[in-house]
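Below: the structure, in C-alpha cells.
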Amino acid sequence: MENRAVAAFLTESERLQGRREAGAAMLAAARILDGNPSRSPELKALAAWAARRLDELIAPPCIGERLLTRVALALGKSGAIAIRADLPSRLEILHETQRGDVWLWSLAHDLFADERYKARALAVHLPTRPLTRALAMLRLHQLTGDMRRVTDAGRVAGRTSGVPMPALETALLVAELNAPERAILPPFVFPG
C-alpha cells in the first residue's frame with residue numbers, strides 16, 4: 001500500500017505547475033524519505049524525482065530562497081540526496097536579509113548541529129497566524145526541550161490567546177499537541 005501511495009504521489013507531483021506547490025511536494029517527499037530504511041524502487045524513484053526537481057528549481061532560482069533552502073535542508077537531512085555544499089552560504093544570506101524562520105533554522109541545526117542556527121531559531125519573531133505560531137512553539141520545544149513552549153501552544157489551541165482559530169486548524173493543533181516531540185509543519189501550511 002505504501003508503494004502504491006508513493007507511486008501516486010509521484011504521478012501527481014509531475015503534474016504540479018506552480019513552483020510553490022512543487023516546493024511543498026518536495027518537503028512532503030523529504031518527510032516520506034526521512035528515516036525510511038526501506039529503499040523500494042518507489043522510494044528510489046521519489047528520491048530521484050526530488051533531486052531532479054531541486055536541481056531544476058535552484059538554477060536559475062524558481063522559488064523563494066527561503067523555501068528553496070528549506071527543501072535542500074530537508075532532502076539533505078532525509079539522506080535522499082547529498083548535502084549541498086552551498087547550503088551554509090545560502091543560510092548566511094538568509095540570515096543577513098533576516099529571511100529565516102523557526103523551521104528553517106531548526107532544520108539547519110538538525111542537519112549541521114551548529115549552535116548558531118539554534119540561536120537564530122530562538123531569536124526570530126514567531127508568526128502571527130495562530131496555527132503557525134503554535135506550530136512554531138512546538139518546533140522550538142523540539143529544539144530546546146522547553147515544556148513552556150508546549151503550554152504556550154496549548155493556550156493557542158484553547159483560544160486563550162484572544163484570536164479564534166478555525167475548527168479544522170484547532171483540530172490539527174490539538175492532534176500535534178498530543179505528541180509535541182513529533183509535531184510537524186504540514187507541507188500545505190507555509191509560514192510568513
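Tabulated results
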{"read-out": "Cβ-defined net charge surrounding residue 76, 15 Å radius [Lys, Arg +1; Asp, Glu -1]", "value": "+1"}
{"read-out": "Chain lengthening between residue 40 and residue 125 when straightened (0.36 nm per residue, less Cα-Cα)", "value": "26.5 nm"}
{"read-out": "Whether the range 67-136 is rounded, prolate or oblate, judged on the alpha carbon gyration tensor where a/c under 1.5 counts as rounded", "value": "prolate"}
{"read-out": "For the range 126-192: rounded, prolate or oblate by the Cα gyration tensor [a/c cutoff 1.5]", "value": "rounded"}
{"read-out": "Neighbour-limited loop hits for trypsin sites (Lys or Arg not before Pro), the range 105-192 (at most 14 other Cβ within 10 Å; DSSP other than H, G, I, E, B)", "value": "159"}
{"read-out": "Residue 89 paired with residue 178, simple spin-label distance in nm, labels 7 Å along Cα-to-beta-carbon", "value": "4.6 nm"}
{"read-out": "Using θ = phi - 60° and Karplus 6.51 cos²θ - 1.76 cosθ + 1.60, couplings along the range 102-110 (whole Hz; Gly, Pro as x)", "value": "3, 6, 4, 5, 5, 5, 4, 5, 4"}
{"read-out": "Inter-part distance where the range 119-142 and the range 46-67 are each reduced to a Cα centre, Å", "value": "25 Å"}
{"read-out": "Trypsin sites (Lys or Arg not before Pro) restricted to DSSP loop in the range 1-50 with at most 15 other C-beta within 10 Å", "value": "15, 39"}
{"read-out": "Extension gain (nm, one decimal) between residue 188 and residue 16, 0.36 nm per residue minus Cα-Cα", "value": "60.5 nm"}
{"read-out": "Chymotrypsin sites (Phe, Trp or Tyr not before Pro) lying in DSSP loop within the range 91-192, provided at most 13 other Cβ fall within 10 Å", "value": "188"}
{"read-out": "Degrees between helix 167-177 axis and first principal axis of the chain (Cα, 0 to 90, nearest 10)", "value": "90 degrees"}
{"read-out": "Counted charge near residue 3, where neighbours are those whose Cβ lies closer than 13 Å (Asp, Glu -1; Lys, Arg +1)", "value": "+1"}
{"read-out": "Dipole axis of the chain (+1 Lys, Arg; -1 Asp, Glu on Cβ), positive-most option in 8, 123, 143", "value": "123"}
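No lab work stands behind these numbers, since they all come straight from the coordinates. If you're wondering where the values come from, they're calculated on a predicted model, not measured in any experiment. Please note: Cβ atoms are built from the backbone with ideal geometry, for glycine as well, and neighbour counts cover all protein chains shown.
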